[in-house]
Amino acid sequence: MRVQVVWIGHHGEVRRTGRAMDEYQRLRATLGVLFTVTVFGVAGFMLIEDLSLVDALYETVITISTVGYTEPAGGLTEGGRIFTAVLIIVGVGSVFYTAAVALEVFIDEVVVGRRRARREERMIDRMQGHTIVCGYGRVGSSVAARLAASAVDVVVVDANEDRVERARAHDVVAVRGDATQEEVLTAAGLDRAGVIIACVHGDSDNLSIVLSARVRRPDLYVLARASDQDVERRIKMAGANRVITPPEVGAERLAALVLNPDLTEFVDIAAGDTFLEFRVEQMMLSPGSELAGQTLADNRIRSRVGTLVLAVRQSDGTVVTNPPADTVLGVGDALFAMGTADQLEQLEKLV
């Protein structure tokens, strides 16, 4: 088994799609034009033909709707006829265009929307061990983009329609709904997921997501975001495996820039779009692995594939950091190794 736990290095851009103005914006714009034409018609009939508000509105509606046209008692003046002709041209065109856009919105919402929803449901049903990202804000969108760029299956859950559409525009499968609701997490494939990340805006919502996920899936790896250390403690008590507090991470980052500027700069280079491409991954020794039963020195992992073993978590739960050469590897042990994607791929074959 191979699980990526840290991503450092070059990553590709997620392809963007989308339209400059969606159908709903167009519909709102055309309705605005139609309203303006109606007001224009009412005002024109009142000023030119001296009609009352009700009569002017009636004449305007039957004119632009093409239901029928009747001149007011006494007929129209020459100016009234010219105005009516202009109103017919502009008004009828506005009505037909508004109807066309409304039909397009209906088709997109009912037909295309349902088809897309069914397609996403089928995609989620086929996923195994995927990552559920709850919340597609500033943090969630960055996490989802990095995971997707590393070929990790991701399902985003967010209650905001604009954020859901933005995720889909970045080719990320998304479920619209409140992540604190169990049926929404079920739709996101909670029963088959490998990781869930609670990074919505509210601490109480993150706490609720962690509780729901932990009760439903005791074996699930749960990550969460907290605003401060007190909330971090409560979310850990709720069952989160790891909790990240952005203010604390930021403080540690600033301190590192002062205490270890050279090392921090190296990490910045490794994390950016530069020539370095390192990953730290966890790999579990399976039965039949040629590495099992031998020491690190005997396996010669560094010389054979070029990866560096940072730590070994033995089957009894003991973690050996910077393991010595005489460390014996056994079935069920987990190796934490650093290297390029190709090097780690070769190590996976040995594991």
Report residue 90's accessible area, 1.4 Å probe, all protein chains in place, as a number in Å² to the nearest 10. 70
Determine the gain in length on full extension of the stretch residue 201-residue 128; use 0.36 nm per residue of separation and subtract their C-alpha separation, reporting nm with one decimal. 23.6 nm
Solvent-accessible area, 1.4 Å probe, carbon plus sulfur percent, for segment 167-238: 52
Determine ³J(HN,Hα), in whole Hz, for all residues of segment 324-329 in sequence, where each value follows from phi through the Karplus function 6.51 cos²θ - 1.76 cosθ + 1.60 and θ = phi - 60°; x replaces Gly and Pro. x, 5, 8, 5, 8, 9
Using a simple spin-label model with points 7 Å from Cα along the Cα→Cβ vector, what separation in nm is obtained for residue 50 and residue 25? 4.8
Between residue 252 and residue 99, 0.36 nm times their residue separation minus their Cα-Cα distance comes to what? 49.3 nm
I'd like the accessible area for residue 284, computed on protein heavy atoms only with a 1.4 Å probe and all protein chains in place. Round to 10 Å², please. 40
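For a Förster distance of 30 Å, can you work out the FRET efficiency between the beta-carbons of residue 233 and residue 259, rounded to the nearest 0.05? Before the final figure, lay out the partial values.
Numbers: r = 26 Å, r/R0 = 0.88.
For residue 233 and residue 259, the calculated efficiency is 0.70.
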Rounded to the nearest 10 Å², what accessible area does residue 230 have for a 1.4 Å probe in the complete protein model? 80
Subtract the Cα-Cα distance of residue 340 and residue 284 from 0.36 nm times their separation in residues, and report this length gain in nm to one decimal. 18.3 nm
Using only the alpha-carbon atoms of segment 170-224 as identical scatterers, what base-10 log of I(q)/I(0) does the Debye formula give at q = 0.21 Å⁻¹? -0.75
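The values are calculated or read from the model by the stated rules, or taken from the named source; none is laboratory data. This is a predicted model, so every value here is computed, not measured. Quick reminder, even Gly has a Cβ in these numbers, built from the backbone with ideal geometry, and neighbours come from all protein chains shown. With ligands, DNA and RNA removed, areas are computed over all heavy atoms of the protein, side chains included. Shrake-Rupley method; radii C 1.70, N 1.55, O 1.52, S 1.80 Å.
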